[in-house]
Amino acid sequence: MKKVGILMGSDSDLPVVRKAIDTLAGFGVPYEVHVYSAHRTPAQAQEFCSTARDRGFGVLICAAGMAAHLAGAAAANTTLPVIGIPMASGGLGGLDALLATVQMPSGIPVATVAVNGAANAAILAVQMLALEDESLADKLKARREADTAKVLEKNSAVEKEFNL
C-alpha cells in the first residue's frame with residue numbers, strides 16, 4: 001500500500017493535523033509526518049516532495065496557515081496528488097490560508113479541504129489510494145455506513161423527544 005506524506009508548516013499545526021493522522025491510522029494507511037516550511041526550510045520541503053513518489057508515497061497532505069504556500073510548493077515539486085489543509089491562524093481566522101491554498105495556477109492543482117479540515121484531508125487521501133486497493137475501498141464503505149447509522153440513531157433520539 002502507498003504511504004501518505006503529511007507535511008505541516010509549523011509544529012503548532014499538530015493538534016489539528018493529528019486528526020488526519022488518527023484517521024489514516026484508523027484505516028490502516030501508512031504515513032510519515034514532517035515539519036517543513038515553504039519559507040524557512042524550502043530545500044528540505046522540495047527534496048521531500050520531489051522524491052516522494054520514488055519512496056512509496058501516493059498522496060501528500062500539507063497543512064499551513066496564513067500565506068499557506070506549503071501545499072502549492074509541494075505540488076510544484078511532485079506529480080502526486082496534493083491535498084491542502086488551510087489552518088486557522090493569524091487575524092483572518094484561516095480565510096487567508098484558504099484562499100492561498102485554493103488559488104493555484106493552471107497545471108499545479110491542490111485539492112483543498114475546509115479550514116482545519118484534517119480528517120477530511122485524510123479521508124480524501126484514503127479515497128485516492130482506494131482507487132487501486134479494494135480492501136481500502138471496503139473500509140471506506142464500512143465507514144460511510146457506520147456514519148449513516150450514527151446520524152440515524154441521533155435522529156431517532158431527537159424525533160422521540162420533539163415529535164409527538
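The values are calculated or read from the model by the stated rules, or taken from the named source; none is laboratory data. All values derive from a computational prediction rather than experimental measurement. No Cβ is skipped: glycine too gets one built from the backbone with ideal geometry, and neighbour counts run over all protein chains shown. Surface areas here come from the heavy atoms of the whole protein model, side chains and all, with no ligands, DNA or RNA. Shrake-Rupley method; radii C 1.70, N 1.55, O 1.52, S 1.80 Å.
Among the residues making up region 1-17, those that are over 18 Å from G58 (Cα atoms) and either open to solvent by 60 Å² or more (accessible area, probe 1.4 Å) or part of a loop (DSSP other than H, G, I, E, B) (or both) are G9, S10, D11, S12, P15. As a summary of the residue check, E32 satisfies the conditions (1) without any contact (Cβ under 8 Å) to a residue 40 or more places away in the chain; (2) closer than 27 Å to L92 by Cα except for the one numbered (2).
Contact map, region 12-23: first residue closer than 9 Å to G117 by Cα, second residue open to solvent by 90 Å² or more (accessible area, probe 1.4 Å) and not in a helix (DSSP H, G or I), Cβ cut-off under 6 Å, separation 6 or more or different chains; the map is empty. Can you say whether P86 is without any contact (Cβ under 8 Å) to a residue 40 or more places away in the chain and out of contact with any Asp or Glu (no Cβ under 7 Å at 6 or more places or on another chain), as far as the supplied structure shows? So P86 passes the test.
State whether one or more residues within region 140-152 are of a type outside the set (S, T, Y), within 24 Å of G5 (Cβ to Cβ), out of contact with any Lys or Arg (no Cβ under 9 Å at 6 or more places or on another chain) and at pLDDT 95 or above. Yes, because at least one residue in region 140-152 is of a type outside the set (S, T, Y), within 24 Å of G5 (Cβ to Cβ), out of contact with any Lys or Arg (no Cβ under 9 Å at 6 or more places or on another chain) and at pLDDT 95 or above.
Here is a yes/no grid of residues against (1) in contact with a strand residue (DSSP E or B) (Cβ under 8 Å, 6 or more places away or on another chain); (2) within 29 Å of A137 (Cα to Cα):
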residue: G5; (1), (2): yes, yes
residue: M8; (1), (2): yes, yes
residue: S12; (1), (2): no, no
residue: G56; (1), (2): yes, yes
residue: V59; (1), (2): yes, yes
residue: A88; (1), (2): yes, no
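L99: within 20 Å of N120 (Cα to Cα) and open to solvent by 10 Å² or more (accessible area, probe 1.4 Å), yes or no? So L99 fits the description; yes.
To keep it simple, each residue is scored yes or no on (1) modelled with pLDDT of 95 or more; (2) small (G, A, S); (3) in contact with a Leu (Cβ under 6 Å, 6 or more places away or on another chain); (4) surrounded by 15 or more Cβ atoms within 10 Å (Cβ to Cβ).
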site: K19; (1), (2), (3), (4): yes, no, no, yes
site: D22; (1), (2), (3), (4): yes, no, no, no
site: V35; (1), (2), (3), (4): yes, no, no, yes
site: G58; (1), (2), (3), (4): yes, yes, yes, yes
